[in-house]
Amino acid sequence: NPLIKKWELKLGVSVKRFSIRSMKSRWGSCTPKTHGIRFNLELVKKSPECLEYIVVHELVHLLEASHNNRFKALMDQFYPNWKLCRKELNGLQLKS
């Protein structure tokens, strides 16, 4: 996927595998131990900025597993408008 490759290079991380599937409670997930990431199929209906935000968010978890201050600082550094995208996605319901 070109978007994943773009952000692997920018962040200096490597994704071993990714999948797209229906998810009920989240837009994406990451397993840092295996370098695997998953994306919610519903993202295809969202703006390109929201999709890119989720890609960056999950890849940043390869650098910092938790949502701590370091994670937020990395998001600020690499994707400065991430809070707007998060707000947009949080205002949208996931498919039940």
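Just a few scattered comments:
- For the residues L9, L63, L92, the requirement of being part of a helix (DSSP H, G or I) and either at pLDDT below 95 or of a type in the set (A, V, I, L, M) (or both) singles out L9.
- Residue match in region 12-22 (condition: in a helix (DSSP H, G or I) and either free of Cβ contacts under 8 Å to residues at least 24 places away in the same chain or surrounded by 12 or more Cβ atoms within 10 Å (Cβ to Cβ) (or both)): no
- Region 66-79: number of residues that are in a loop (DSSP other than H, G, I, E, B) and closer than 20 Å to I4 by Cβ: 1
- Checked against (1) out of contact with any strand residue (DSSP E or B) (no Cβ under 6 Å at 6 or more places or on another chain); (2) part of a helix (DSSP H, G or I); (3) modelled with pLDDT of 95 or more, I54 passes all but a single condition, namely (1).
- Among the numbered conditions (1) out of contact with any Lys or Arg (no Cβ under 6 Å at 6 or more places or on another chain); (2) outside any helix (DSSP H, G or I); (3) modelled with pLDDT of 95 or more; (4) loosely packed, with under 15 Cβ neighbours inside 10 Å, the only one that R38 does not meet is (4).
The values are calculated or read from the model by the stated rules, or taken from the named source; none is laboratory data. Since the structure is predicted, the reported quantities are computational estimates derived from the model, not experimental observations. Because the Cβ atoms are built from the backbone with ideal geometry, glycine has one as well, and the counts that use them run over all protein chains shown.
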